[in-house]
Amino acid sequence: MTRPALTAHRRELTGKDVARLRRERILPAVLYGQGEASQALQVDAKEFETLSRTAGRHALIDLKIDGGHAHPAVIHGVQEHPVKRIPIHVDFQAVKMTEEMTMDVLLEAVGTSIAVEKHGGTLLQTLDHVRIRALPGDMPQTIEFDISVLESFDAAIHVRDLPLPPKVTLLTDPDESVAHVQASRAEVEREAVSATTVGEEQPAGEAGEAPEAE
């Protein structure tokens with residue numbers, strides 16, 4: 001399988017001077033890992049945005065520096081502008097294809113929950129990523145989980161229920177909660193009223209009171 005490629009150049013400007021690069025739609029970056037000294041780089045901002053949109057924000061890529069040989073690397077972190085939400089700096093991590101790596105992988109809910117669609121509940125995703133270990137070529141971009149199993153407000157999805165791809169080791173606590181459906185306020189109040197009504201209509205003997213001796 002061919003990996004997506006990204007062209008990079010060594011960067012001379014550092015510190016406050018990188019603002020000039022950003023004005024020219026050039027994205028400052030750094031490459032580190034594999035025991036090598038970190039390298040200050042720069043990439044075309046539009047090219048990077050296209051790559052991250054199509055291949056994923058943590059994609060395994062071939063990073064080609066100044067026309068040299070390709071370096072297998074992952075997009076390890078992207079710093080964004082707090083208002084414009086566009087990339088302003090990117091970290092690349094050099095990898096060896098024969099050595100396992102550890103990453104946080106995003107979780108993505110798919111499907112439809114009956115508890116949401118028919119009972120008016122609200123889906124609460126309590127965990128947005130899990131930590132896994134795998135070879136770079138086996139590392140997934142995201143892990144999808146099906147919320148159609150959430151048919152009631154008592155149902156929940158835990159880390160142990162996630163469909164992990166093969167050759168991946170899970171490092172997150174398997175008992176940690178991923179998602180559940182919270183009942184609406186109206187539903188909670190309706191059940192409370194229903195329970196109260198049942199309690200009022202229940203005969204005293206059935207409510208747990210001892211019958212009077214004859």
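The values are calculated or read from the model by the stated rules, or taken from the named source; none is laboratory data. Note that this is a predicted model, so its numbers are computed, not measured. Here the Cβ is made from the backbone with ideal geometry for all residues, glycine too, and neighbour counts use every protein chain on show.
See the values below:
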| read-out | value |
| --- | --- |
| One residue from Ile75, Ile114 being more than 28 Å from Pro28 (Cα to Cα) and not small (Gly, Ala, Ser) | Ile114 |
| Filtered residue count, region 4-23, keeping only those that are surrounded by 11 or more Cβ atoms within 10 Å (Cβ to Cβ) and among the charged types (D, E, K, R) | 4 |
| Failed item in (1) modelled with pLDDT under 95; (2) surrounded by 11 or more Cβ atoms within 10 Å (Cβ to Cβ); (3) closer than 30 Å to Thr54 by Cα, with Pro166 passing the rest | (2) |
| Close pairs (8 angstrom Cβ cut-off, 6 or more residues apart or separate chains): closer than 23 Å to Pro174 by Cα and touching a residue at least 12 places away in the same chain (Cβ under 8 Å) in region 109-134, among the small types (Gly, Ala, Ser) and outside any strand (DSSP E or B) anywhere | Gly111/Ser148; Ser113/Gly121; Ser113/Ser148; Leu123/Ser113 |
| Qualifying residue in region 59-66 (condition: of a type in the set (Gly, Ala, Ser), within 22 Å of the chain's Cα centre (by Cα), in a strand (DSSP E or B) and within 30 Å of Leu123 (Cβ to Cβ)) | no |
| Test: residue in region 89-106 that is out of contact with any helix residue (DSSP H, G or I) (no Cβ under 9 Å at 6 or more places or on another chain), without any contact (Cβ under 8 Å) to a residue 24 or more places away in the chain and not acidic (Asp, Glu) | no |
| Some residue of region 117-140 being assigned to a strand (DSSP E or B), in contact with a Phe, Trp or Tyr (Cβ under 9 Å, 6 or more places away or on another chain) and buried (at least 18 other Cβ atoms within 10 Å of the Cβ) | no |
| Flag for Thr14 being modelled with pLDDT under 90, farther than 20 Å from Met139 by Cβ and not charged (D, E, K, R) | yes |
| Qualifying positions in region 141-183 - assigned to a loop (DSSP other than H, G, I, E, B) and of a type in the set (Asp, Glu) | Glu151, Asp154, Asp173, Asp175, Glu176 |
| Test: residue in region 80-101 that is over 30 Å from Asp44 (Cβ atoms) and either surrounded by 15 or more Cβ atoms within 10 Å (Cβ to Cβ) or within 19 Å of the chain's Cα centre (by Cα) (or both) | yes |
